[in-house]
Amino acid sequence: MVPVAAPSVSIVVPVFNEVPTIDRDSFTPRIHALTELLRPCDEIILVDGGSSDASWQTLQSLAVHLQITAIQSQKGRARQMNCGAATAKGDILLFLHADTVLNAAAWNSFSQALQARGGQPVWGRFNVRISGQSRWLPVVAWFMNHRSRFSKIATGDQALFASRLLFEKVGGFPEQPLMEDIEWSKRLKQVAAPCFLPIGTPVITSGRRWDTQGAWKTILLMWRFRYQYWRGVPATELARQYADAREKIPLTVAVFAKYPQAGRVKTRLEPMLGAEQCAEFARYLLLSTLDKLSSVNVVLWTDGGSDAQWGSLLATRQVTRCIQPEGHLGVRMQTAVQTHLKHSEVVVLLGPDAVQFTLNDLRALEKAAKQHELAFVPALDGGYVALACTRCVSSVFSGHIQWGGAQVAAQTRQVLDGLGIEATWFEAQLDIDEPEDLQQAVLQGCVPEDWVERYPTGKV
């Protein structure tokens, strides 16, 4: 009998911020080692989820290898893996986390197991060994391996795989923010339980999560989430809880403002108000915006004014203040996004002259950003009054966009279309730059007629 050759394999690796800088790159050696295992029929698909570090540049350099393809997709492990699967050409799809090592021993066991199945549909996972400092990690791995062998429910750390036929039969990974691996396993178990193939030789995954957060704390946290998921708690709610557990807050609103100094703010309103009253109006816009957002985590990014001046203006308002960096508006906004995404799931950029913007708008914007990563409220004058994001897309803040002009929103849409990124765009709102804008805002009730009396100097 002629032996059946093992089917071709596409290894899909979702990547997000794995290379802090080019000179701090442990990812490239792992991929180079992986390429040495490949047969001519195999391939590696690297899928970047909008990294803000050197990851995408690194992936592009790796893609010079004939068996490596580098692509981009929206952020989210499930989305990235599905995107990689759509590009892959192999008979078997193997999903490998960026911090998991598939060595020669595990690869050979995998290839032999596939060959023994004689081309029949399969799905499964590897045993796992966790590298790290905690002495509990071998115990954690033992329970993971034995639980998944008997339950046929596996996690992404165990390097999941499936025949293309079975992968497509269950519709790929469910595009949910957490527990996509658990749900995927459950669906495959329902339709193809006899095809389950556990590989006994382990892959090696990083124990940084256990080392950073504590082994027992992490174990209890993940079991709590699995129990809640089994009880029917939506994955979106679990993702919010997970963000909280990682000490990430759900939302930060970054408000950009100049110090309200006569001759420096709202200068296009001077024919109507005069320089001094323009400063008073800018003062009103800022303070009313901060009061409107008093229930939200707000960081004020300021331009001009001394610490003493800002302290006097803000009075008793507990608002964190950052100083805007040098550069065009895009540079300043990108800095705020990158700063706050380290500690927040969603970042919203807002100007104080967005007088129609409400807390309901904020919640809708936050929800849309979680679904599509980017969401905008355009301005009637061609810019936008608010931007929400869950990742930093540098091109959106490019110097090629004519900041302050009437084409900002249109140019932003063109940038996103060119990147293949789908964003949510809400209905346009009024912001106040020209005398006609102020008149319209007063007529619509967005600005009270007695605005000048609302925050008089010295009575904030």
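The values are calculated or read from the model by the stated rules, or taken from the named source; none is laboratory data. Computed from a prediction, not measured in an experiment: that's the story for all the values here. Every residue, glycine among them, receives a Cβ derived from its backbone with ideal geometry; neighbour counts consider all protein chains shown. Heads up: the accessible areas ignore ligands, DNA and RNA and are worked out on the full protein's heavy atoms, side chains in. Shrake-Rupley method; radii C 1.70, N 1.55, O 1.52, S 1.80 Å.
Given a cut-off of under 8 Å on Cα pairs at least six residues apart, what relative contact order in percent is computed for the stretch 323-460? Let's see the in-between values first.
On the way: 189 pairs, mean separation 36.0, N = 138.
Relative contact order for the stretch 323-460 comes out at 26 percent.
Residues with amide H under 5 Å of ASN297's amide H, sequence separation 5 or more or different chain, H placed in the peptide plane at 1.01 Å from N; which?
The list, which skips near neighbours in sequence, is VAL253.
What is the distance in Å between the Cα centres of the stretch 252-322 and the stretch 97-161?
Using only Cα atoms, the two centres lie 56 Å from each other.
Enumerate by residue number the GluC sites (Glu not before Pro) in the stretch 410-457 meeting two conditions: DSSP loop (anything except H, G, I, E, B), and at most 15 other Cβ atoms within 10 Å of the site's Cβ.
Details: sites: GLU422, GLU427, GLU436, GLU449, GLU453; in loops: GLU422, GLU427, GLU449.
Those that pass, being in a loop and sparsely packed, are GLU422, GLU427, GLU449.
Express the carbon and sulfur contribution to the solvent-accessible surface of the stretch 83-204 as a percent, rounded to the nearest whole number, probe 1.4 angstrom.
On the way: 2830 of 5140 Å².
Result for the stretch 83-204: 55 percent of the exposed heavy-atom area is carbon or sulfur.
Pairs of Cα atoms under 8 Å, at least six residues apart: use those to get the relative contact order of the stretch 17-143, whole percent.
Values: 114 pairs, mean separation 27.2, N = 127.
Relative contact order here is 21 percent.
Less than 15 Å apart at the alpha-carbon level, and either on another chain or at least 8 residues along: which aspartates and glutamates does that give for LYS189?
Counting by Cα, and skipping residues close in sequence, LYS189 has these aspartates and glutamates nearby: GLU168, GLU180, ASP181.
Expected output is a single nm value to one decimal: the length gained when fully extending between ALA86 and SER109, i.e. 0.36 nm times separation in residues minus the C-alpha distance. What is it? If you can, show how the numbers build up before the last one.
Details: separation 23, 0.36 × 23 = 8.28 nm, distance 2.60 nm.
Using 0.36 nm per residue and subtracting the Cα-Cα distance, I get 5.7 nm.
For an R0 of 35 angstrom, estimate the FRET efficiency from the Cβ-Cβ distance between GLN440 and VAL319 and round to the nearest 0.05.
Once rounded, the FRET efficiency stands at 0.75.
So, for the stretch 279-394, what is the accessible surface per residue at a probe of 1.4 Å, expressed in square angstrom?
Values: 4490 Å² over 116 residues.
Computed with neighbouring chains in place, this is 39 Å² per residue.
Report the extension gain between VAL139 and TRP403 in nm, rounded to one decimal, defined as 0.36 nm multiplied by the number of residues separating them, less their alpha carbon distance.
Full-extension gain reported as 89.5 nm.
Would you kindly compute the Cα radius of gyration of the chain and its largest Cα-Cα separation (Dmax), both in Å?
26.3, 94
I want to make sure I understand the PRE zone here: with the label point 7 angstrom from the Cα of HIS328 toward its beta carbon, which residues in the stretch 274-314 have backbone N atoms less than 20 Å away?
Taking a point 7 Å out along Cα→Cβ of HIS328, the residues of the stretch 274-314 whose backbone N falls under 20 Å are 303.
Scan the chain and report its longest stretch carrying no trypsin sites (Lys or Arg not before Pro) that are both in a DSSP loop and have at most 16 other Cβ atoms within 10 Å. Present the calculation step by step, with values, prior to reporting the outcome.
Numbers: sites that count: LYS89, ARG117, ARG135, ARG231, ARG246, LYS248, ARG264, ARG317, LYS342, LYS459.
Longest run free of exposed loop sites: 343-458.
Got a sec? Charge dipole of the chain, +1 on Cβ for Lys and Arg, -1 for Asp and Glu; which of ASN17, ALA308, TYR284 is way out at the positive end?
Final value for the positive-end residue is ASN17.
What is the gain in length, in nm to one decimal, between GLN309 and ILE71 on full extension, counting 0.36 nm per residue of separation less the C-alpha to C-alpha distance? Let's see the in-between values first.
Working: separation 238, 0.36 × 238 = 85.68 nm, distance 4.88 nm.
Once the chain is fully extended between GLN309 and ILE71, it gains 80.8 nm.
Let's test the formula: R0 of 41 Å, r as the Cβ-Cβ distance of GLN57 and ARG117. What FRET efficiency results, to the nearest 0.05?
0.55
Hey, any idea what % of the stretch 357-460's accessible area is carbon plus sulfur with a 1.4 Å probe? All intermediate terms of the calculation are to be shown ahead of the outcome.
Numbers: 2400 of 5130 Å².
Whole-percent figure for carbon plus sulfur exposure: 47.
Any chance you could list P(r) for the stretch 319-460, counting all Cα-Cα pairs in 10 angstrom bins from zero, rounded to whole %?
Each 10 Å bin holds this share of Cα pairs: 11, 38, 35, 15, 2, 0.
Which value at 222 nm does the chain reach when only helices count, each DSSP H run of 4 or more adding -39,500 (n - 2.57), with the total divided by all residues and rounded to the nearest 500 deg cm²/dmol?
Values: 18 runs with 190 residues, N = 460.
Calculated at 222 nm, the ellipticity per residue is -12500 deg cm²/dmol.
Report, by chain and number, residues whose modeled amide H sits under 5 Å from the one on VAL122, excluding near sequence neighbours (fewer than 5 apart, same chain).
It is SER163, by chain and number.
Using a 7 Å offset from the Cα along the Cα-to-Cβ direction at both ASP291 and SER394, what is the distance between the two label points in nm, to one decimal?
For ASP291 paired with SER394, the spin-label model returns 4.2 nm.
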